[in-house]
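The values are calculated or read from the model by the stated rules, or taken from the named source; none is laboratory data. These figures come from a predicted structure and were not determined experimentally. No Cβ is skipped: glycine too gets one built from the backbone with ideal geometry, and neighbour counts run over all protein chains shown.
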Amino acid sequence: MTLTEAIEKRISCRAYTDMPLDPSVFEELSELSETLSREGEIRIVLVGPADGGADLKLNGRMFSGTISTYAALIGPDDDLTREKAGFFGEKLVLHATQLGLGTCWVAGTFDRSSVTLPLAEGEVLHDVIPMGNMPSKQPFAQRTIRAGLRRRNKKPEAMFKGDGSLSSAPSWIRAGIDAVIKGPSAVNEQPVVFAWEQGVLHATLPYLKRNIEYTDLGIAKLHFQIAAQEAGISGTWEWGNQGAFLIKEQA
Ligand SMILES: Cc1cc2nc3c(=O)[nH]c(=O)nc-3n(C[C@H](O)[C@H](O)[C@H](O)COP(=O)(O)O)c2cc1C
């Protein structure tokens, strides 16, 4: 499964089976978490059954089944860390999707006291991402929760600002925004607006309610970058609100 296919396939999975992760799959995701932690200079810790993964208490009205593995995203309480948690955490999510697992970003609807990982001074637990095997079909309750949230999907035009309309912008921008809309965002706000001015694209957050929008920003930048690359434009993002998309010279 390619990363583009993983973006298509991923959903916020709120129902899991009782079958724990295969140990080799857990090992693979654990190693990837360590690599991403080094790359992003944040802490992504994979917690399995033996280290208290099964103790994670998600809100029982929203989630069903047995959670035995989750990723904990830990770091300083600042916006750069929130953004990096989004970017690097979503890399882990897409890889887990490629391995056939269900995942869900969870920042609010869980009992924080059920996460007993030690935190260093100045660190906070930003989010958890349960990872597990999915039933062949999501139960009615979980499908209803998701459909209710996705009903508010933004239109691509609402996520674009430029001298002309989105339809007159380069096709890789349209592809990037489509991949962002398919991505997760806290309460499906999809707050990022892509501003295309004088041949430079910036990823912007026009408003902040709880600063979790920075995590959405990191996720959006990753999805955009993957789709743009698929459309023939390779680039990387500057960090931060208003960060520019730096296009690599074509060979
Ligand atoms: C940073 C972040 C935090 C989230 N927190 C929660 C949460 O606390 N509880 C929950 O059920 N879903 C949570 N979600 C999942 C979103 O509700 C979901 O991504 C959105 O509704 C879009 O649906 P989809 O991911 O199935 O496409 C969160 C997503 C993100 C990106």
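For this structure, a couple of remarks:
- Residues that are among the polar types (S, T, N, Q) and either over 14 Å from Gly65 (Cα atoms) or exposed (fewer than 14 other Cβ atoms within 10 Å of the Cβ) (or both), drawn from segment 134-149: Ser136, Thr144
- Test result for Asp127, within 14 Å of the ligand (Cβ to nearest atom), of a type in the set (D, E, K, R), crowded, with 19+ Cβ neighbours inside 10 Å and not assigned by TED's automatic domain parsing to the domain that holds Thr215: yes
For (1) over 30 Å from Phe110 (Cβ atoms); (2) out of contact with any helix residue (DSSP H, G or I) (no Cβ under 8 Å at 6 or more places or on another chain); (3) within 16 Å of the ligand (Cβ to nearest atom); (4) touching a residue at least 24 places away in the same chain (Cβ under 8 Å), each residue gets a yes or a no:
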position: Ala175; (1), (2), (3), (4): yes, no, no, yes
position: Lys182; (1), (2), (3), (4): no, no, yes, yes
position: Gly240; (1), (2), (3), (4): no, no, no, yes
position: Phe245; (1), (2), (3), (4): yes, no, no, yes
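- Residue in segment 214-227 that is free of Cβ contacts under 8 Å to residues at least 40 places away in the same chain and away from the ligand (no atom under 15 Å from the Cβ) present: no
- Complete set of residues in segment 4-35 that are away from the ligand (no atom under 16 Å from the Cβ) and of a type in the set (A, V, I, L, M, F, W, C): Met19, Leu21, Val25, Phe26, Leu29, Leu32
- Test: residue in segment 57-65 that is among the charged types (D, E, K, R), in contact (Cβ under 8 Å) with a residue 40 or more places away in the chain and closer than 23 Å to Phe224 by Cα: no
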